[in-house]
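Right, one structure below, let's go through it.
The values are calculated or read from the model by the stated rules, or taken from the named source; none is laboratory data. Here the structure is a predicted model, which is why all the values come from computation and not from measurement. Cβ: placed from backbone, ideal geometry, glycine included. Neighbour counts: every protein chain shown. The protein model used for the area step is the full one, side chains on, heavy atoms only, and it has no ligands, DNA or RNA in it. Shrake-Rupley method; radii C 1.70, N 1.55, O 1.52, S 1.80 Å.
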Amino acid sequence: MAISNVDAVRILDEQRHEGIICSTMTANSVNHGLPSVSKNESLDFPMGGAMGKGSSLALGLALAQPDRKILLLDGDGSLLMNLGSLVTVSNKAPENLYHFVFENGVYAITGGQPVPGSGKTSFTGMAREAGYAAVYEFDDTEEFATGLHDVLHQKGPVLICLKITPVIENTPVQFRDRPTRTTQIAIKELHGIFTG
Amino acid sequence: MQQEAVLHPASIIAELKKNKVTHVVWLPDSETNFMYQQLTNDPDVDLVPVCREGETMAIAAGLWVGGKKPVCLIQNTGIFESGDSMRGLGLDVNNPLVMLVGYRGWDRHGVSRDSAARFIEHILHAWGITYYLVETDDDAPRISLAMEEAERTSKPVAVLVGTEFGS
């Protein structure tokens, strides 16, 4: 079983409350990621600037805003680029950080090549051993929708691995739809919110 | 006999506090070890240790977006590793980040054979990142200059720490 990308981001958006959602890669797709469903755009933080650094960027935001939940929507290929960040995160132990890994097993935005270790690697296992406070795994839409409430009431850092059905992008990059809310716009607006 | 000029961690930390720095995001290097020891005992500055230098700019970007004032502290070798982070979460997003960079291999009085020293200024020039050299306590106020420039230009600015700290 697996969860569709659009269902995953829709459920997260519905249950985020005042949480900031930091999204990267597939979770940030214009057509089937957070921008396609978000009803809280002012709290969306699309992270297009640095491949693999979503976990680091979200850690910084979580440390700066400890009273607000930070939901990071990471990719499996993306996290693999920055695995040491699991230890960096657990070392600072932000209680407000919820690290969702969209595990679809492929580099979906580059044509669907398998990520290294696909089917062998356990992201929950690595996070648990790195020292995350809790880990979860979901591969069913209904179970994720009903279980997310409890997940978001755990003290972080929590890693949640979502088994996602891949949506492969084969359209040349220059012809793909572009998001209206860019990383630069989001940074300007969020910085304004946090600094008054 | 003229006393040798020395850089003490207290001089740097005083500059950080003067500029209301809230976090130091860093990976230890030999040039900055004594500063690490002092910062770990300082309640006013939160230390964020990382596993790899490319994390530092991204963590600092998140802290900045969230209203804090971080600096990065890494070695010049770490700058080489961090290129995409500096591009994407420094230069491209107008992040006024000051990066304190241990200048491994720097030798004002000789010829450096360390490629880490020979390449670093070229790399910073290529990216259009200005930098200040700090070698002694008298140079420490250049950190304030770097802070002012980063804020004024909304761009990352580097401070090259050209000597190991005295204890």
Set A:Val158, A:Val151: member being buried (at least 16 other Cβ atoms within 10 Å of the Cβ), under 25 Å from B:Met57 (Cα atoms) and more than 11 Å from chain B (Cβ to nearest Cβ): A:Val158
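Let's see how each residue does on (1) touching a Phe, Trp or Tyr at 6+ places or on another chain (Cβ under 9 Å); (2) under 15 Å from B:Ala14 (Cα atoms):
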site	(1), (2)
B:Arg113	no, no
B:Phe119	yes, no
B:His122	no, no
B:Gly128	no, no
B:Glu135	yes, no
B:Ile143	yes, yes
B:Ala150	no, no
Could you check how many residues of region B:70-103 are in contact (Cβ under 8 Å) with a residue 12 or more places away in the chain, open to solvent by 20 Å² or more (accessible area, probe 1.4 Å) and at the interface with chain A (Cβ under 7 Å from one of its Cβ atoms)? 1
Number of the exception - B:Gly67 against (1) crowded, with 20+ Cβ neighbours inside 10 Å; (2) at the interface with chain A (Cβ under 7 Å from one of its Cβ atoms); (3) of a type in the set (Gly, Ala, Ser): (1)
Out of all the residues in region A:1-55, which are hydroxyl-bearing (Ser, Thr, Tyr), out of contact with any strand residue (DSSP E or B) (no Cβ under 9 Å at 6 or more places or on another chain) and free of Cβ contacts under 8 Å to residues at least 60 places away in the same chain? A:Ser36
Matching residues, region B:104-132, being closer than 11 Å to B:Asn76 by Cβ, surrounded by 15 or more Cβ atoms within 10 Å (Cβ to Cβ) and either at pLDDT below 90 or not hydroxyl-bearing (Ser, Thr, Tyr) (or both): B:Arg104, B:Gly105, B:Trp106, B:Asp114, B:Ala116, B:Ala117, B:Phe119, B:Ile120, B:Glu121, B:Ile123, B:Leu124
Output the residue which, of all residues in region A:70-98 that are of a type outside the set (A, V, I, L, M, F, W, C) and away from chain B (no Cβ under 13 Å), is nearest to B:Asp46 (Cα to Cα). A:Glu95
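Residue by residue, here is whether (1) part of a helix (DSSP H, G or I); (2) closer than 15 Å to A:Ser56 by Cα; (3) in contact with a strand residue (DSSP E or B) (Cβ under 7 Å, 6 or more places away or on another chain) holds:
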{"site": "A:Val87", "(1), (2), (3)": "yes, yes, no"}
{"site": "A:Phe102", "(1), (2), (3)": "no, no, yes"}
{"site": "A:Pro116", "(1), (2), (3)": "no, no, no"}
{"site": "A:Thr121", "(1), (2), (3)": "no, no, no"}
{"site": "A:Tyr136", "(1), (2), (3)": "no, no, yes"}
{"site": "A:Leu148", "(1), (2), (3)": "yes, no, no"}
{"site": "A:Gln154", "(1), (2), (3)": "no, no, yes"}
{"site": "A:Lys163", "(1), (2), (3)": "no, no, yes"}
Out of everything in region A:34-69 that is charged (D, E, K, R) and more than 7 Å from chain B (Cβ to nearest Cβ), what residue ends up being farthest from the chain's Cα centre (by Cα)? A:Asp67
Residue check, A:Val30 against (1) open to solvent by less than 30 Å² (accessible area, probe 1.4 Å); (2) assigned to a loop (DSSP other than H, G, I, E, B), all met but one. Which one? (1)
